[in-house]
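The values are calculated or read from the model by the stated rules, or taken from the named source; none is laboratory data. Note that this is a predicted model, so its numbers are computed, not measured. Backbone-built Cβ (ideal geometry, glycine too); neighbour counts: all protein chains shown.
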Amino acid sequence: MKKVLRNVYLYLMLLFLYAPILVLMVYSFNASKSRGQWGGFTLEWYRRLFMDANIQSALYYTVMIAILATIISTIAGTVSSIGIFLYGNKAQKVMLNVNYIPVINPDIVTGVSMMILFAFVSMRQGFATMLIAHITFCIPYVILSVLPKLRQMDVNLIEAAMDLGARPMQIINKVVLAEIRPGIITGALFAFTLSIDDFVISFFTTGSGVSNLSIYVYSMAKRGISPEINALSTLMILTVTLLLFIINRRSNKKTKTTGERI
Amino acid sequence: MKKTVWILCAILLLVTSLVGCGQSDVKKLYVYNWGTYIDNSVLRDFEKENNCKVVYENYASNEEMYYKLKSGNANYDVIFPSDYMIEKMIKEDMLLPLDKQNIPNLKNIDPKLLDIPFDPGNQYSIPYFWGTLGILYNTEKVTKPVDSWNILWDKEYAKKILMYDSQRDSVGIALILQGYSLNSTNQDELNKAYELLVEQKPLVLAYVNDQVIDMMIGNEADLAVVYSGDAVYCMSENEKLAYVVPKEGSNQWFDNVAIPTTSQNKELAEKFIDYLCRDDIALKNTMEVGYTSANKNALEEASKEDDYNNIAYNPTDDILARCVAFKDVGEFITNYADIWTKVKAAQ
């Protein structure tokens, strides 16, 4: 009985999580433009999607900004967390609190203050401003995921490396970065998802024809959202699922082989 | 380490090349329009005809567009504000006066849409799309005659009524119903409108925006307040739906095209406006969007289509005679916002 209940609970959870996505995918094949009725099966929205220059440019900017913001914020965040880690206890606490403020700050406050800042330095809003904004809000999350890994690291390792004659750069590369790699990867994934997801901050910091997907979808609100967006979401979900599937299979293989060796 | 250096170099290259894009020789026209409010091929054709690049961006509300421009570091050349927003922007010196000589196709615009009080003499703006506000209802479910806003207060349709989540529109309906002006700036009149809206609240299924389209097509509600352009689309998808502009009067709305003071290229912007007024272009846009064209020839041509041959797309003069346009109520808008917040929060 307990087992049945447990399974029911699990499947209900999965249903709640995935039902909206399934509905979205099914309606990408709907011949009627409206979500109110089913007009038969069609691939028309996919055809239109590949012809729609506006959606394509929005997708391009979304992915471009996400990749650039991830790379830059991961590097900046990792370097700063090593710096913060090497501070004394008190300074470390202060720096951590400073780091928390942007995390706790509501998005809209960050967005508006960024917009005012860019206006103040009279920087024209567009790709560069949006990228800077994304890097800014990603860095604290990278620091938050890298710092605990640094703390877990055995400090003696560094001294041992020095004893064995490693140069400072070698220590960072071969010892520290190797030790904190899982933290860096988590941080990068965090940054990537945050950047792809973001609407509020992007909204306030973009201009000059640069808009990401979330802004583009939002702007359709006056006249109803086109099923092309369903088609695009379906493709994106399938890509992510496929990627996860490949990564999982690979890591499974790896653990298997290393397991055999041990 | 070498790898990281390489990656850094690659990023720098990418960023600089992207920033560099801004400095090419081709003229650029920055157009800021409502989402899905144009036929995209029209933009591409304009680029070819004038050897320029149209940088196209969308917004979802007048206020959003207003604040983007107000923030000071936007550089749009062409915008599409609605009636009351045009008046507000003229007052705040945010629009450039148009040189009519550069817009010969203005002759195609229906004269009855010109010289409206929010922009006397159309010094700053040219109509693009327009329409009315009315009631969309399901003819199978609603048996009583629908000709008055009163039907939205009829208990028989409790929880089958959709209202628009927009302060000017919904408060406006309550004002009209009591015989007041849609542009009232009298607090007593507003308070009476508030009482009426609170009285209606138990009957309302939801206060909605664009969801109204899907909900009406899906027969989830019987009566809804909609813009005529959305009504045209809903009726084409669901034959049971019909549109009415109530006898007490209603709002006639305009989405005009204008040039903001941020424009760097007024000449090209005026060319673009003239281009939008051309018969073939206006027809393409109205066929794609489904909203009523301000171009009289395009309107006539489009009305020949079955889906467009109705009073939602092409209202009669009788209907228009009882409609008024919004005026900017200035600071008094906060009183409207207060009322509307209170209505939505009421139990």
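Some points to look at:
- Taken over the range B:69-95, the criterion of being free of Cβ contacts under 8 Å to residues at least 24 places away in the same chain and within 16 Å of B:Ile259 (Cβ to Cβ) is satisfied by B:Glu92 alone.
- Looking across the range A:121-169, the residues that are within 14 Å of chain B (Cβ to nearest Cβ) and in a helix (DSSP H, G or I) come down to A:Phe127, A:Ala128, A:Thr129, A:Met130, A:Leu131, A:Ile132, A:Ala133, A:His134, A:Ile135, A:Pro168, A:Met169.
- Residues of the range A:26-43 that turn out to be more than 14 Å from every other protein chain (Cβ to nearest Cβ) and buried (at least 17 other Cβ atoms within 10 Å of the Cβ), as a count: 2
- Among the candidates A:Tyr60, A:Tyr46, the residue that is without any contact (Cβ under 8 Å) to a residue 40 or more places away in the chain, closer than 30 Å to B:Arg44 by Cα and in a helix (DSSP H, G or I) is uniquely A:Tyr60.
- Just one of (1) within 14 Å of chain A (Cβ to nearest Cβ); (2) under 17 Å from the mean Cα position of the chain (by Cα); (3) assigned to a strand (DSSP E or B); (4) of a type outside the set (Ser, Thr, Tyr) fails for B:Asn256. It is (1).
- Of all the listed residues (B:Pro127, B:Pro97), the sole one being more than 11 Å from chain A (Cβ to nearest Cβ) and either in contact with a strand residue (DSSP E or B) (Cβ under 8 Å, 6 or more places away or on another chain) or of a type in the set (Phe, Trp, Tyr) (or both) is B:Pro127.
- Flag if A:Ile172 is within 14 Å of chain B (Cβ to nearest Cβ), under 20 Å from A:Gln92 (Cα atoms) and not basic (Lys, Arg): yes
- Restricting the range B:215-225 to residues that are under 16 Å from B:Trp153 (Cα atoms) and assigned to a loop (DSSP other than H, G, I, E, B), the residue that is farthest from the other protein chains (Cβ to nearest Cβ): B:Asp222
- B:Ser82 being within 14 Å of chain A (Cβ to nearest Cβ) and at pLDDT below 85: no
- The single condition from (1) surrounded by fewer than 16 Cβ atoms within 10 Å (Cβ to Cβ); (2) within 21 Å of B:Asn209 (Cα to Cα); (3) not assigned by TED's automatic domain parsing to the domain that holds B:Glu220 that B:Ser82 fails is (1).
- Test: B:Asn297 is surrounded by fewer than 18 Cβ atoms within 10 Å (Cβ to Cβ), in the same structural domain as B:Tyr124 (by TED's automatic domain parsing) and of a type outside the set (D, E, K, R): yes
- Residue match in the range B:200-214 (condition: hydrophobic (A, V, I, L, M, F, W, C), within 11 Å of another protein chain (Cβ to nearest Cβ), in a helix (DSSP H, G or I) and under 21 Å from B:Thr132 (Cβ atoms)): yes
- Consider the range B:259-283 and keep the residues that are among the small types (Gly, Ala, Ser) and more than 17 Å from the chain's Cα centre (by Cα). The one that is farthest from B:Leu96 (Cα to Cα) is B:Ala269.
- When restricted to residues that are in a loop (DSSP other than H, G, I, E, B) and in contact with a helix residue (DSSP H, G or I) (Cβ under 6 Å, 6 or more places away or on another chain), the range A:1-36 contains 4.
- The number of residues in the range B:226-241 being more than 14 Å from the chain's Cα centre (by Cα) and either within 11 Å of chain A (Cβ to nearest Cβ) or buried (at least 19 other Cβ atoms within 10 Å of the Cβ) (or both) comes to 8.
- Of all residues in the range B:298-335, those that are in a helix (DSSP H, G or I), closer than 13 Å to B:Asn251 by Cα and among the small types (Gly, Ala, Ser) total 1.
- Residues in the range A:141-160 that are surrounded by 24 or more Cβ atoms within 10 Å (Cβ to Cβ) and closer than 13 Å to A:Ala69 by Cα: A:Val142 alone.
- The lone criterion from (1) away from chain A (no Cβ under 12 Å); (2) surrounded by 21 or more Cβ atoms within 10 Å (Cβ to Cβ) left unmet by B:Asp280 is number (2).
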